[in-house]
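Q: The structure that follows is given in the form of structure tokens.
The values are calculated or read from the model by the stated rules, or taken from the named source; none is laboratory data. All values reported here derive from a predicted model rather than from experimental measurement. Heads up, the Cβs are rebuilt from the backbone with ideal geometry, glycines too, and the neighbour counts pull from every protein chain shown. With ligands, DNA and RNA removed, areas are computed over all heavy atoms of the protein, side chains included. Shrake-Rupley method; radii C 1.70, N 1.55, O 1.52, S 1.80 Å.
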Amino acid sequence: MSSIQKKVTKPAFSALLKPLDIGFVQLKNRIIMGSMHTGLEEQWFSLRKLAMFYEERARAGVALIVSGGISPTFSGRLSPFSSQFSTWFQVAKHRRLVEAVHAHDAKICLQILHAGRYAYHPFAVAPSAIKSPISPYTPRALTGRQIRKIIEAFANTARLAKRAGYDGVEVMGSEGYLINQFICSNTNKRTDEWGGSFDNRIRFSLEIIRAIRRSVGERFIIIFRLSMLDLHKEGSSWHEIEQHAKEIEKAGANLINTGIGWHEVRIPTIAAVVPEAAFSWVTKKLKQAVDIPLITSNRINTPELAERCLLEGDADLVSMARPFLADSRFVQKTMENQTQLINTCIACNQGCLDRVFKHKRATCMVNPRACYEGAYPLTQSGSRKTVIVIGLGVAGLSCAYYAASRGHQVIAYDAANPGGQFNLASEIPGKEVYRETVRYFEAQLSLLGVQVHRNFEVGFEDLRDIFADAIVFATGVVPRMPDIEGIDHFSVMDYASAIINKADIKDKVAIIGAGGIGFDVAEMLVAKQQEDWYQSWGIDKQYANRGGLLTEQVKQQLNQHGKRDVYLLQRKNEKPGKNLARTTGWIRRLTLRRAGVTMMTGVRYEKIDDFGLHVVHNGESKTLAIDHVIICAGQESENTLYRQLHDIGQPVHIIGGAKKAAELDAETAIREGMILAYSF
Ligand SMILES: Cc1cc2nc3c(=O)[nH]c(=O)nc-3n(C[C@H](O)[C@H](O)[C@H](O)COP(=O)(O)O)c2cc1C
Ligand code: SF4
């Protein structure tokens with residue numbers, strides 16, 4: 001062994017990979033796969049697909065998996081057909097799932113989640129009959145007897161979970177669900193023993209823990225997911241959170257996990273705009289108050305960040321949820337110190353949460369195999385084929401990667417550098433992390449020996465007589481220029497040029513097109529340098545007020561408009577950004593509104609000239625005196641060469657934007673790349 005090799009003896013992630021003893025059980029490392037309701041929990045007869053999803057992560061070394069939230073009662077279901085675990089005949093199907101995880105020496109806890117007033121059905125119940133702003137159903141106020149029955153139902157589910165072989169349960173006490181609704185005074189107006197004083201309001205959570213402990217005995221993990229930062233005005237104060245945490249420990253919990261925010265609160269907690277590890281300071285703040293280990297959570301997406309949280313004493317364990325959708329072998333690659341091969345979660349929510357909210361199965365934009373492990377197994381293809389991929393945007397990268405990983409010989413070309421539209425996206429503030437997807441695919445292509453030709457413009461002559469089993473066109477899109485008088489004026493530029501030349505953009509700008517790219521460009525133009533992210537969203541890290549919020553007065557002082565005058569215009573007479581994703585659209589609209597962006601809908605564009613952009617709005621002619629007009633009016637597919645080769649009978653395929661230039665849909669593009677590669 002050389003002297004250099006000898007020096008590298010200390011594992012790179014020594015804190016993260018260190019076991020943790022919690023008395024009767026040892027966790028083999030400090031990495032927890034956080035709870036994610038995937039939509040696979042709802043299968044009637046078996047949890048086979050969910051078992052495959054968990055097993056792939058367990059095999060790759062995760063210490064503990066927390067299941068998606070499952071209700072202990074009918075009223076607590078998130079929607080009428082979502083999952084509930086309350087009868088003995090469900091034990092067998094859970095047991096098979098647990099066995100799949102235990103086969104790889106990993107632990108698994110069942111999360112028990114009662115939705116309370118967030119239940120999306122008319123049978124919703126809550127401490128008081130107060131409707132949530134995000135549900136159409138007013139809940140029924142629980143009677144004292146019904147409260148006792150729900151406590152017993154939590155204990156019953158835990159008992160059944162133990163019978164099925166689970167190592168423990170996580171009690172969901174955050175994010176604004178039922179337990180949280182008992183704790184906070186805005187949702188709990190009761191005057192009996194379950195309402196009024198803080199002691200009364202936390203009684204429900206403590207009784208649940210005690211009842212579970214009584215029903216499962218000592219050697220069973222109880223995690224309590226505690227809302228450490230409610231982010232609303234009537235949320236808990238810091239003093240109350242400490243008091244609650246101490247009581248949770250006394251009541252018999254083994255671990256406390258971190259919950260941040262309520263679903264109804266309009267402050268981002270997991271989107272890409274949230275800084276990495278943004279909330280580990282809250283977990284750290286609680287460490288002095290309790291002796292049991294604490295788990296930190298939210299936006300921790302790399303082993304380096306997780307290691308840092310542990311080394312800085314923020315927590316004893318790190319929960320990562322979406323990173324396990326993005327990469328099933330996150331822990332294994334961490335153990336092997338191969339972090340450049342980790343497919344990093346880019347916090348887009350497009351493949352996961354946005355799909356779950358539409359009652360679709362969760363997956364991952366950057367890893368479309370997630371939750372589809374059975375349909376796309378990690379196996380080699382029967383015969384080795386030669387595959388040429390033209391265009392290495394994310395569709396091409398995905399196709400090249402999956403084809404090569406299935407044993408095919410892949411040769412790839414890009415007219416510039418790999419990444420395509422993701423390279424542009426990564427220039428938008430808050431989307432810098434999109435670079436990681438390109439880094440990941442490039443690292444994989446290099447490992448798999450794919451020949452990548454950069455800055456190589458492939459022409460008809462190059463491909464006319466070439467032999468290949470498949471030629472894949474992933475040539476992407478070009479910006480579409482609308483037919484407006486003066487579109488060639490020097491003040492006009494397309495979105496790609498605007499992003500590349502952002503430093504040269506002056507102060508008065510009109511953006512034509514208020515879809516995803518229009519929003520991206522507007523966000524780029526109004527982004528403030530050096531802004532404190534917490535302050536900009538009204539979060540007080542000093543925790544002086546309830547819910548961890550700044551006072552309205554301080555918030556208003558901070559909400560000063562940026563220096564640019566930006567108009568975001570659209571032809572359609574509908575809400576700007578109507579089709580933006582559910583979990584992030586509101587953040588984007590709010591950001592632009594607060595930055596003073598003028599949004600105009602139902603606009604008719606007359607012409608562009610030296611005086612500016614001439615429009616008709618609300619029946620009135622206006623001239624917007626601007627320095628630049630940026631066109632974000634969609635894209636056109638780039639597929640001329642594909643059509644030429646198709647006509648002469650070459651074995652061509654087309655994917656991504658080159659096939660259909662919809663609003664940049666990277667999720668479809670990456671999935672199409674994978675599906676095509678599996679067909680070879
Ligand atoms: C698809 C999806 C489903 C989720 N379902 C649950 C759930 O059932 N219970 C829960 O406590 N948290 C749930 N979460 C939240 C995660 O546990 C986690 O707090 C959040 O994703 C932030 O952590 P991350 O940045 O590591 O993903 C879900 C998250 C996602 C993306
Ligand atoms: S879809 Fe986006 S947010 Fe969800 S896991 Fe994948 S990369 Fe992360």
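Q: Which FRET efficiency value, to the nearest 0.05, do you get for K233 and K287 by plugging their Cβ-Cβ distance into 1/(1 + (r/R0)^6) with R0 = 45 Å? It would help to have the intermediate numbers written out before the result.
A: Details: r = 26 Å, r/R0 = 0.58.
The computed FRET efficiency comes out at 0.95.
Q: A further question follows. Need one word for segment 541-676: rounded, prolate or oblate. Basis is the Cα gyration tensor (sqrt eigenvalues a ≥ b ≥ c); a/c below 1.5 gives rounded, then a/b vs b/c decides.
A: Judged from the Cα gyration tensor, segment 541-676 comes out oblate (a/c at least 1.5, b/c at or above a/b).
Q: Could I ask something else about it? Can you send over the carbon and sulfur percentage of the accessible area for segment 350-497, probe radius 1.4 Å, protein chains only?
A: Carbon with sulfur: 50 percent of the solvent-accessible area.
Q: Ok, one more. Under 8 Å for C-alpha pairs, at least 6 residues apart: give me the relative contact order for the chain, rounded to a whole percent. Walk me through the numbers before you get to the answer.
A: Details: 1497 pairs, mean separation 80.2, N = 680.
Reported relative contact order: 12 percent.
Q: Same structure again: Measure up K162/K541; K233/K575; K233/K506; K528/K659; K284/K333 against 30 Å on the Cα-Cα distance and list the ones that go over. Please report the intermediate quantities before stating the final value.
A: Values: K162/K541 39 Å; K233/K575 28 Å; K233/K506 39 Å; K528/K659 37 Å; K284/K333 27 Å.
Over 30 Å apart, Cα to Cα: K162/K541; K233/K506; K528/K659.
Q: Among rounded, prolate and oblate, which fits the chain when a ≥ b ≥ c are the square roots of the eigenvalues of its C-alpha gyration tensor, a/c under 1.5 means rounded, and a/b larger than b/c means prolate?
A: Details: a/c = 1.93, a/b = 1.31, b/c = 1.48.
In terms of gyration-tensor shape, oblate.
Q: What is the calculated FRET efficiency for T87 to R210, with r their C-beta to C-beta distance and R₀ = 25 Å, to the nearest 0.05?
A: The computed FRET efficiency comes out at 0.60.
Q: As an exercise, use a Förster radius of 41 Å and the Cβ-Cβ distance of R593 and N186 to find the FRET efficiency, rounded to the nearest 0.05. Let's see the in-between values first.
A: On the way: r = 24 Å, r/R0 = 0.60.
The computed FRET efficiency comes out at 0.95.
Q: What is the spin-label model distance, in nm, from A416 to E485 if the labels are put 7 Å beyond Cα along the C-beta direction?
A: 3.4
Q: Antiparallel as a % of all DSSP beta bridges within the chain, to the nearest 5?
A: 20
Q: Same structure again: In square angstrom, what is the accessible area per residue of the chain with a 1.4 angstrom probe?
A: Ligands and nucleic acids excluded, the result is 41 Å² per residue.
Q: When the accessible area of segment 168-225 is split by element with a 1.4 Å probe, what percent falls to carbon and sulfur? Each step should come with its number before you reach the end.
A: Numbers: 700 of 1670 Å².
Carbon plus sulfur share of accessible area: 42 percent.
Q: Take the alpha carbon gyration tensor of segment 425-570, find the square roots of its eigenvalues, order them as a ≥ b ≥ c, and report rounded if a/c is under 1.5; if not, report prolate when a/b exceeds b/c, else oblate.
A: Numbers: a/c = 3.58, a/b = 1.61, b/c = 2.22.
Oblate, because a/c is 1.5 or more while a/b does not exceed b/c.
Q: If you don't mind, another one. Could you tell me which of C352, L294, T334 has its Cα farthest along the dipole of segment 285-396 towards the positive end, charges placed at Cβ (Lys, Arg +1; Asp, Glu -1), taken about the Cα centre?
A: C352
Q: Could you sort out which of K107/K250; K358/K508; K431/K607; K563/K607; K49/K431; K93/K285 sit more than 29 Å apart by Cα distance in this structure?
A: K358/K508; K431/K607; K49/K431; K93/K285
Q: Can you compute the modelled spin-label distance between R643 and A662, with each label point 7 Å from Cα toward Cβ, in nm?
A: 2.2
Q: Which distance in Å, rounded to a whole number, links the C-alpha centroids of segment 592-620 and segment 257-323?
A: Segment 592-620 and segment 257-323 have Cα centres separated by 42 Å.
Q: Distance from the Cα centre of segment 177-215 to that of segment 505-539, in angstrom?
A: 42
Q: Quick one: accessible surface of I22, probe radius 1.4 Å, all protein chains present, in square angstrom to the nearest 10.
A: I22 exposes around 20 Å² with every protein chain in place.
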